[in-house]
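The values are calculated or read from the model by the stated rules, or taken from the named source; none is laboratory data. Note that the coordinates shown come from a computational prediction; the quantities given were computed from them, not determined experimentally. Note: ideal-geometry Cβ built from the backbone for every residue, glycine included; neighbour counts use all protein chains shown. SASA here: full protein model, heavy atoms, side chains in, ligands and nucleic acids out. Shrake-Rupley method; radii C 1.70, N 1.55, O 1.52, S 1.80 Å.
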Amino acid sequence: MLAIEAQGMSRRFGDYLAVNAVDLAVPVGCIYGFLGPNGCGKSTSIRMLTGLLAPSAGQIRVLGLHLPEQAEALRQQIGYMTQKFSLYDNLTVLENLQFVAGIYRIKSKEQSMRIRELLALYQLEDKQKVRAGSLSGGQKQRLALAAATIHRPSLLFLDEPTSAVDPENRREFWERLFDLSDAGTTILVSTHYMDEAERCHRIAILERGEKRADGSPSELMTQMPADVYEISGPQLRQLRQQLLMLPEVMSAAQIGQRLRLLVYKKYGWRTEQLQRRLGAEYSCEAVRPSLEDVFVANTGEAYAGSRPHLRDIP
Amino acid sequence: MLDLGRIYAIFRKELWQLSRDRITFAMIVMIPLVQLVLFGYAINTDVRHVPAAIVDQSGSSAARLLAADLQASQTVRFVEQEFHDVATATKAMTAGEINAILVIPVDFERRLDDRLRGIGRPLAQWITDGSDPMLGNAINSLKQMPLTLRSPSHKDSSLPASAVFEVVNYYNPERRSAVNIVPGLIAVILTMTMILFTSAAIVREREQGNMEFLINTPIRPLELMIGKILPYIAIGIIQVSILLGLGHALFAVPLPEQWLSFWLVTLLFILASLTLGLLISTKAQTQLQAMQLTVFILLPSILLSGFMFPYVAMPLPAQHIAELLPATHYVRLVRAVVLRDANWSELLGDISVLVGFIVVGMTLATMQFRKRLD
């Protein structure tokens, strides 16, 4: 069963095509990630899927409802955590939650219980009298998640939820997302962090408004059209320049003391061939592709380590 | 269908936010307080104690009597400095030290006698400072002042009054302008605060980034509008009470005898102003724009509503514009109710216009508010 279905979803702002013919199929209960650089159409896509923006073209069905026509009926069933903190800075944590509970018409008897439960779950009990404006980034984000889930939505949209949060809080946040997912909530999350995307059940890689790839992170890694090698040795900067001249090399990026090299699979290179080319002063080994490699392989020019001027050479 | 729970949620949130905003909270009380005192004392259309010079060329005792009579009328106050000719007095007027000059001619006593015999020559001349017409008008009214002067040659007969009409003043017999100004001030202050508060109400949510979350919830536009204006109705009532109470205490403005009618028309005006503010708020992109639009409505409300200048005296185009302002209708209504003890049933015309403002404004504001970002 699909929570979100979209065919040819597009959105134009004047002459600018922000989202171009994106197809989506998000199964119920899945944590689905939109991975892409800033300005790739992640937020615009999420806004179309919540009914905030009407698509310029294409079909969208969310929880069986056609958008944007049936957007109102969808509101009670979805939760939305905006990219920017959108609760009230001059209200306390408790007041913010009481306000949101009122808007979602949670009965007053149930309300205080639900709020207490959320305060405990998101470790905000000792902060309930504190104004939201003076919370830390991590606390604000937990409050926003609590508010977005107060009415137990079956589908949750999170637009770059952890962009203002330290790694420690990010891990904790994802634990909560897995709890929600475990309880049956479908989650759509946008991010530009690789480690965050790697936690998703499925991801779609977006670039310039287009979907470049989608699947589970491991699927995407195995389906990658390139092999990944790590090379160590002297003068890696010059070596990188030389390697980028080769048509077999998709990209080369220095990572610490090593050079991470993506080589097109279709040329059938093995480690030995690469080692022969590099010479004895370099050591090289084949490594497991990371999601970043997948991202680079699928988006090409937009990312560091690529070589835009050689991209058209087969 | 409206959901009371959601309206209450918005209402409660607005109150919380309002109570955090100390300056706004202080303004609710300070605006009516300060304005009332300022306007009540400073705006005085019954001009008194205009500083004047007297140039007495006759040096007669009758002239001194005339001056004393004029002084007693309180309209003018003769300055202590003595002026021997018109030129020096005119200089003092140019310098702004005085606003009027009374010139008593050499043959003053003869003129006085002539007048008693029916030969109508003016007794003396007023030279007035026309740069402020209000002052000029005040002096002009002295022309009609009945004189009780006795002429030197007719010791017993008093001078016949030169006034043609006797004026009887209803509703405000002492002609105190505070009586007229305080009810009008209710209209101006409500226009200012009510429109200002609500004009920021929606645009603030947009500016501070709360809107994207809010429009993704099941809240209906009308519920949001109603929830947002409810707290301000209470604020309007507080302000009106301050104005009435203080106006009564400081300026002896009568309290309305038609209480029901007074609160009925006042509530209608509060609602009309609030919906006007909401309408601004759905249109404005920033709080600064909302503020500018508020001033755009506030200024004509002060100048054209009849608060400052009589409506009937305004040129026709200005009257047409004035009809478009809720304040104009309320100024008429509140003066009728407070000063003339009119009942609401006698004022249905202006009342129905205010109701029209509310219905049209609320409908437009609700329609303007879209739960979409495009």
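Annotations for the structure displayed:
- Taking segment A:88-152 and dividing mean pair separation by its residue count, relative contact order in percent (alpha carbons under 8 Å, at least six apart): 53
- Counting only residues at least eight positions apart within a chain, or on another chain, the lysines with an alpha carbon under 27 Å from that of A:Lys265 are A:Lys211.
- Selection from B:Leu214, A:Ser218, B:Val338, by position along the positive dipole direction of the protein assembly as shown (Cβ): A:Ser218
- Sorting the segments B:90-98, A:196-204, A:114-122 by their residues' average number of neighbouring beta-carbon atoms within 10 angstrom, most packed first, yields A:196-204, A:114-122, B:90-98.
- Each Lys and Arg contributes +1 and each Asp and Glu -1, all at the Cβ; summed about the Cα centre of segment A:224-306, the dipole is approximately 120 debye.
- Cβ neighbours within 10 Å from other chains - mean over A:86-93: 5
- Between segment A:68-124 and segment B:76-95, the alpha-carbon centres lie 76 Å apart.
- Taken as entire DSSP H runs, the helices of chain B that both span 15 Å or more between Cα atoms along their own long axis and average -1.0 or more on the Kyte-Doolittle scale are B:4-20, B:22-42, B:61-72, B:177-207, B:221-251, B:259-283, B:287-304, B:326-339, B:348-368.
- Average accessible area per residue (Å²) across segment A:88-152 - probe 1.4 Å, nucleic acids and ligands excluded: 44
- Lys-Lys pairs in segment A:1-141 that are eight or more residues apart or on separate chains and whose Cα atoms lie under 15 Å of each other come to 4.
- Positive dipole terminus of the protein assembly as shown, leading residue within B:Val203, B:Ile28, A:Ala252 (C-beta point charges): A:Ala252
- Chain A - percent relative contact order, Cα under 8 Å, separation 6 or more: 19
- Evaluated with a Cβ-only charge set (Lys, Arg +1; Asp, Glu -1), segment B:176-373 carries a dipole of roughly 380 debye about its Cα centre, given to the nearest 20.
- Note on chain B: dipole from Cβ charges, positive end direction compared against B:Thr286, B:Ser305, B:Thr75; the farthest Cα belongs to B:Thr286.
- When the Gaussian network model of chain A links Cα atoms closer than 10 Å, the mean-square fluctuations of A:Gly209, A:Gly256, A:Gly268 top out at A:Gly256.
- Chain B - percent relative contact order, Cα under 8 Å, separation 6 or more: 19
- Local charge for A:Gln111 was computed over the other residues whose Cβ lies under 11 Å away, with Lys and Arg +1 and Asp and Glu -1, and equals +3.
- The protein assembly as shown - percent of accessible surface contributed by carbon and sulfur, probe 1.4 Å: 56
- Averaged over A:144-152, number of beta-carbon atoms from partner chains that fall within 10 Å: 1
- Per-residue ellipticity at 222 nm, computed for chain A from helices alone with -39500 (n - 2.57) per DSSP H run of at least four residues, works out to -9500 deg cm²/dmol.
- The magnitude of the dipole of segment B:10-86, with charges of +1 and -1 set on the Cβ of Lys/Arg and Asp/Glu and taken from the Cα centre, is near 800 debye.
- Residue with peak Gaussian network fluctuation, chain B [Cα springs, cutoff 10 Å], from B:Pro51, B:Pro122, B:Pro254: B:Pro122
- Interface size, chains B and A: roughly 2800 Å² of accessible area buried, both sides included, 1.4 Å probe, rounded to the nearest 100.
- For chain B, lysine pairs with C-alpha atoms less than 25 angstrom apart, excluding pairs fewer than eight positions apart on the same chain, total 8.
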